[in-house]
1. Can you give me the ranges of the strands (runs of 3 or more DSSP E) entirely in the stretch 201-317 with at least 2 residues that are closer than 25 Å to Asp18 by Cα?
2. When you look at Arg72, is it among the charged types (D, E, K, R) and within 16 Å of ligand 2 (Cβ to nearest atom), yes or no?
3. May I ask you to say which residue of Gly238, Gly200, Gly214, Gly250 is more than 29 Å from Lys147 (Cβ to Cβ), modelled with pLDDT of 95 or more, away from ligand 2 (no atom under 16 Å from the Cβ) and out of contact with any helix residue (DSSP H, G or I) (no Cβ under 8 Å at 6 or more places or on another chain)?
4. Looking at this structure, is Ala84 over 16 Å from the mean Cα position of the chain (by Cα) and within 16 Å of ligand 2 (Cβ to nearest atom)?
5. Hey, any hits in the stretch 27-46 for a residue that's within 15 Å of ligand 2 (Cβ to nearest atom), touching a Pro at 6+ places or on another chain (Cβ under 6 Å), among the aliphatic types (A, V, I, L, M) and under 21 Å from Gly276 (Cβ atoms)?
6. May I ask you to list pairs of residues, at least six apart or on different chains, whose Cβ atoms are under 9 Å apart, with the first in the stretch 229-258 being over 27 Å from Phe5 (Cα atoms) and free of Cβ contacts under 8 Å to residues at least 24 places away in the same chain and the second being of a type in the set (D, E, K, R) and surrounded by fewer than 22 Cβ atoms within 10 Å (Cβ to Cβ)?
7. Considering only the stretch 95-117, I want to know if a residue exists there that is closer than 18 Å to Ala171 by Cα, in contact with a helix residue (DSSP H, G or I) (Cβ under 6 Å, 6 or more places away or on another chain) and away from ligand 1 (no atom under 13 Å from the Cβ).
8. Quick check on the stretch 75-88. Is at least one of its residues within 12 Å of ligand 1 (Cβ to nearest atom), assigned to a helix (DSSP H, G or I) and modelled with pLDDT of 95 or more?
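The values are calculated or read from the model by the stated rules, or taken from the named source; none is laboratory data. All values reported here derive from a predicted model rather than from experimental measurement. Here the Cβ positions follow ideal geometry from the backbone for every residue, glycine too, while neighbour counts run over all protein chains shown.
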Amino acid sequence: MKDSFGREIRYLRVSVTDRCNLRCAYCMPEAGVEDKGHDGVLRVEEIIRIVRAAAELGISKVRLTGGEPLLRPGFVKLCEGIAAIPGIEETVLTTNGLLLPRMAEDLKKAGIKRVNISLDTLDEGKYRRITRVGSLEGALSGIEAAKKAGLYPIKINAVLIRGFNDDELPALAALSMERDVHVRFIELMPIGEGLRFWPGGYLSAEEATGMIPGLESLDKTDGVAQVWRLPGAAGTVGFIKPVSHHFCSGCNRLRLTADGMLKPCLHSDREIPVRGLEGEALKEAFWQAIRAKPAENREMSEALPSRAGRRMNSIGG
Ligand code: SAM
Ligand code: SF4
């Protein structure tokens, strides 16, 4: 599927729940979110049907996200269903990792290729502060469980937050010394709860790069990340710059929310409902979403908040 600007759309991010077992201060309100109930979210079979239609239109990569995807009842069955769809070459996952010790082996068997695990700090007190309820030990056990299950390469995602983890960037980057472990630093976005940190908490990727001694540019990109390496490291360190350098010109993705809306662009409130659609009507909804992809999103920048119209836990990142 090519959009109006010649971009080949092959990547679908699927948020399977708004709910989460953490309350990261830049993502979710402290009190959590209203439970949409069984009928407020797509059923497992509906998600599989929608992804099948997407695959027939050329989607080959699916990322399952949330909220916390591993909380979703029937999640392993959903992974199995998606990984088995003809045309889907890669089924991957973004998670906070807390439930991986219980689920990593089953996810691997279900066809999940690899995982991204979110970890913003290596300090127990700070982890509790940013997630409000989590324990660092739980997240680190999740990373170990992913390694044991062979969910490689593992990417550790850390949001850059001035005054919170800017003193830990070298230590976080050093997680990439290990083979097949890559660290990705992401600029904090002025979206939903992220606005609470705005503008003081924003740290540009460019400034963060200078805070990690020894980083060498590999002069290449991996997806939307610019890739660097620490001397002697087997893995890499990437920087994702949604705020300072939009990657719209290479955007190859659509997003599906847990309540059944296709989002053509993360930072626009335009949404196309797909719940209840089948066959040609469902495919036509995908075409509408693709036609609605803007050439670029000029709205979000260091000066202007995103117009996503939802919080991150409901879009999936
Ligand atoms: N719960 C899973 C997790 O944390 O990995 C998946 C969903 S979470 C919304 C996906 C990613 O979005 C996480 O890496 C998180 O750090 C990131 N995120 C959430 N709010 C953000 C914000 N305001 N700016 C940048 N990244 C954000
Ligand atoms: Fe939950 Fe992920 Fe949002 Fe943290 S970033 S509150 S783990 S959805």
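1. Those strands (runs of 3 or more DSSP E) span 253-256, 261-263.
2. On the way: among the charged types (D, E, K, R): yes; within 16 Å of ligand 2 (Cβ to nearest atom): yes.
Considered against the rule, which asks whether it is among the charged types (D, E, K, R) and within 16 Å of ligand 2 (Cβ to nearest atom), Arg72 comes out as yes.
3. After ruling out the rest, the residue left standing is Gly200.
4. Working: over 16 Å from the mean Cα position of the chain (by Cα): yes; within 16 Å of ligand 2 (Cβ to nearest atom): no.
No: the conditions fail for Ala84.
5. no
6. Listed pairs, sorted by first residue: Pro231/Glu216.
7. Taking every residue of the stretch 95-117 in turn, none turns out to be closer than 18 Å to Ala171 by Cα, in contact with a helix residue (DSSP H, G or I) (Cβ under 6 Å, 6 or more places away or on another chain) and away from ligand 1 (no atom under 13 Å from the Cβ).
8. Checked the stretch 75-88: no residue is within 12 Å of ligand 1 (Cβ to nearest atom), assigned to a helix (DSSP H, G or I) and modelled with pLDDT of 95 or more.
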